[in-house]
Amino acid sequence: MKYMDAPAGQGHACCCRHPPFRFVDYDSVELGEDSRGAEVSLATCKSCGAIWLKYFIDEPHYPRSGRWWRVEIAAADASAMSAAAARECVERSREGFAGGSFFDSHGHAITAPIKVR
């Protein structure tokens, strides 16, 4: 991804690229739920300006089912993103992060092929 507003020397060293991720480091916008009940949001890193699409699934009737994926997206894609299109966007991404109790992880790097399950 291109870092449009990244201050010199940041980019891959930014906190948004190294788990665990802290919500206070982002300005977030909720996009709602998709047809499968996943919560979808966009989070813009306050430090470097990277925009992250987050896809979160939680099935409360199953223990340890909480899981999320986050992938970086371009600003042009973010402005047109919807909850309905989020899963496909995550799955066609080359890299990102996943975590949650399902994965027993606060976040780990993932690469294509990414499969939301």
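The values are calculated or read from the model by the stated rules, or taken from the named source; none is laboratory data. Please read all numbers here as calculations on a predicted model, not as lab measurements. Please note: Cβ atoms are built from the backbone with ideal geometry, for glycine as well, and neighbour counts cover all protein chains shown.
Take residue 70 and decide whether it is without any contact (Cβ under 8 Å) to a residue 24 or more places away in the chain and basic (Lys, Arg). Here the answer is no, as residue 70 does not meet what is asked.
On the stretch given as region 22-34, residues that are outside any helix (DSSP H, G or I), at pLDDT 95 or above and either surrounded by 16 or more Cβ atoms within 10 Å (Cβ to Cβ) or on the phi < 0 side of the Ramachandran plot (or both) total 8.
Let's see how each residue does on (1) modelled with pLDDT under 95; (2) assigned to a strand (DSSP E or B); (3) touching a Gly at 6+ places or on another chain (Cβ under 9 Å):
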position	(1), (2), (3)
62	yes, no, no
70	no, yes, yes
87	no, no, no
90	no, no, yes
98	no, yes, yes
117	yes, no, no
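Only one entry of 38, 43, 13, 50 meets the criterion of being at pLDDT below 95 and of a type in the set (A, V, I, L, M), and that entry is 13. Among the residues of region 44-79, just one is under 13 Å from residue 29 (Cα atoms), of a type in the set (A, V, I, L, M, F, W, C) and surrounded by fewer than 20 Cβ atoms within 10 Å (Cβ to Cβ), namely 78. Condition check for residue 18 on (1) touching a helix residue (DSSP H, G or I) at 6+ places or on another chain (Cβ under 6 Å); (2) closer than 21 Å to residue 101 by Cα: one failure, at (1).
Residues in region 88-117 that are at negative phi, more than 11 Å from the chain's Cα centre (by Cα) and of a type in the set (D, E, K, R): 88, 91, 92, 94, 115, 117.
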